[in-house]
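Participant: Sharing a structure with you now.
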Amino acid sequence: MGRMSRTRTALPWLLALAIIAAGVAWFLVTHHRVETTIPLPPRGEASYNPLYGLKLALRAEGQRVESRQRLQLDEMALAAGDTLLVYSDPRLLGYDQLEALFRFAEDGGHLVLRLPSWQPEESFAGDLADWLPIEPELLDPHCMDLFVPRQDDHVEFCRAPRFELAEDAEVSAAWRTRDGHHVFARFPYGDGSVDLLGDMDMIDNSSLDEGPHLAFARQLLAPNWGKGRFHLVYAADMPPLWRWLLTHAWAFLLPLLLALLAWLWMRMQRFGPLQPSPMPPRRSLLEHVEASGEQLLRYGKLGVLHRALRDAVLAHLRRRDPLAAAQDGETQASLLAARIELPAAQVRATLDTRPPVDTNEFRHRIARLIDLRKRL
């Protein structure tokens, strides 16, 4: 009995272990470990410098390289044998800057420029046509086939404008699309050279990890390779901070300004109306008035109370009908009788100046004065 009991107790555990072993075996057979590379968003300089990858590649090749956000010619100290690559739109460079750049190329430097981004309504090369033997009007983009040994064939410059060379143009290297229009040309310029590209997408951070693009970058920078320093200017057209904020940050600054104005309005001192508001009636004052009237009535001062109410009625009459208030006697009674539609004799008796004789007459005359005031 004891052996059978132990067998029954161990049987569920053995069954559970068998199920777990089967699940583990199934998982190991149907699954295998793989490594996945997840590209992370760029950080640091790579997040704002599109030529950061080119900068690292040049340094890995042992070249001296400097990267700048702005074209600061005084601080760059360009010399013969240096290479200057301007990544931004050359139309935003001033005439003095372009003159200094082409003087640098004439003295033996290698200058690399790009065309403006393609815009059908503004398809002109700007001042570049005054310095280089190209036609000022740009042509619409067209892809160029690129063939690199041991690499897959692909196309480039699909979003770049194309340009035409002038009749007397002299080039040492050029790339053209199938219809014969240029997307890249190298012009001899004095002791140096000037390269003009449709765009520089092939050498920015997002494209430089491909073999054909690395080969193109090496050929592009070949004229002064190993001779001098490479200067990479990636945002020569960077506007001032205040202009950038007005252009891009207004959606944040406008609600912030409205919130600031609302806060100032809530915190500012309020001066109120020009004249003070009338004081609300107070119960204590009314009680004093009522007590004074009862005291005068108790001591027989009926004429004082009657005269006060009559004066109040006449003051109200002066505000409502100044002409009738300026009269007296029968004339005044007739005008008021016509206005309030009462007999003239009743109006004359109501405005009688004689003091009341007793309490009953006092109440009767007070009631008629109040009625007359309401009718005015």
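The values are calculated or read from the model by the stated rules, or taken from the named source; none is laboratory data. Here the structure is a predicted model, which is why all the values come from computation and not from measurement. Backbone-built Cβ (ideal geometry, glycine too); neighbour counts: all protein chains shown.
The rows are residues; the columns are (1) more than 18 Å from Pro90 (Cβ to Cβ); (2) exposed (fewer than 14 other Cβ atoms within 10 Å of the Cβ); (3) free of Cβ contacts under 8 Å to residues at least 60 places away in the same chain.
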{"residue": "Glu164", "(1), (2), (3)": "no, no, yes"}
{"residue": "Glu167", "(1), (2), (3)": "yes, yes, yes"}
{"residue": "Ala173", "(1), (2), (3)": "yes, no, yes"}
{"residue": "Arg176", "(1), (2), (3)": "yes, no, yes"}
{"residue": "Asp179", "(1), (2), (3)": "yes, yes, yes"}
{"residue": "His182", "(1), (2), (3)": "no, no, yes"}
{"residue": "Phe187", "(1), (2), (3)": "no, no, yes"}
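Participant: Moving on. Does segment 55-70 include one or more residues that are touching an Asp or Glu at 6+ places or on another chain (Cβ under 7 Å) and within 30 Å of Phe102 (Cα to Cα)?
Facilitator: no
Participant: Does Ala160 fit the bill of being touching a Ser or Thr at 6+ places or on another chain (Cβ under 9 Å), assigned to a helix (DSSP H, G or I) and aliphatic (A, V, I, L, M)?
Facilitator: In short, no.
Participant: Ok, one more. Name the single residue that is nearest to Asp82 (Cα to Cα) among those in segment 22-72 being polar (S, T, N, Q), in a loop (DSSP other than H, G, I, E, B) and not assigned by TED's automatic domain parsing to the domain that holds Leu220.
Facilitator: Taking the candidates together, the pick is Thr37.
Participant: Could you check how many residues of segment 73-88 are in contact with a Gly (Cβ under 8 Å, 6 or more places away or on another chain) and assigned to a loop (DSSP other than H, G, I, E, B)?
Facilitator: Number of matching residues: 5.
Participant: Now, a different point. Pull up segment 189-206, narrow it to residues that are among the small types (Gly, Ala, Ser) and in contact with a strand residue (DSSP E or B) (Cβ under 9 Å, 6 or more places away or on another chain), then point me to the one that is farthest from Gly108 (Cα to Cα).
Facilitator: Gly198
Participant: Output yes when any residue across segment 197-215 is over 25 Å from His154 (Cβ atoms) and in a loop (DSSP other than H, G, I, E, B), and no when none is.
Facilitator: No, because not a single residue in segment 197-215 is over 25 Å from His154 (Cβ atoms) and in a loop (DSSP other than H, G, I, E, B).
Participant: Separate question: Specify the residue that is surrounded by the fewest Cβ atoms within 10 Å (Cβ to Cβ); the eligible residues are those in segment 315-335 that are in a helix (DSSP H, G or I) and touching a residue at least 24 places away in the same chain (Cβ under 8 Å).
Facilitator: That would be Arg320.
Participant: So which pairs qualify, if the first residue must be in segment 357-376 and in the same structural domain as Ala308 (by TED's automatic domain parsing), the second must be not in a helix (DSSP H, G or I), the Cβ gap must be under 7 Å, and the two must be at least 6 apart or on different chains?
Facilitator: The qualifying pairs are Phe362/Pro356; Arg365/Pro356.
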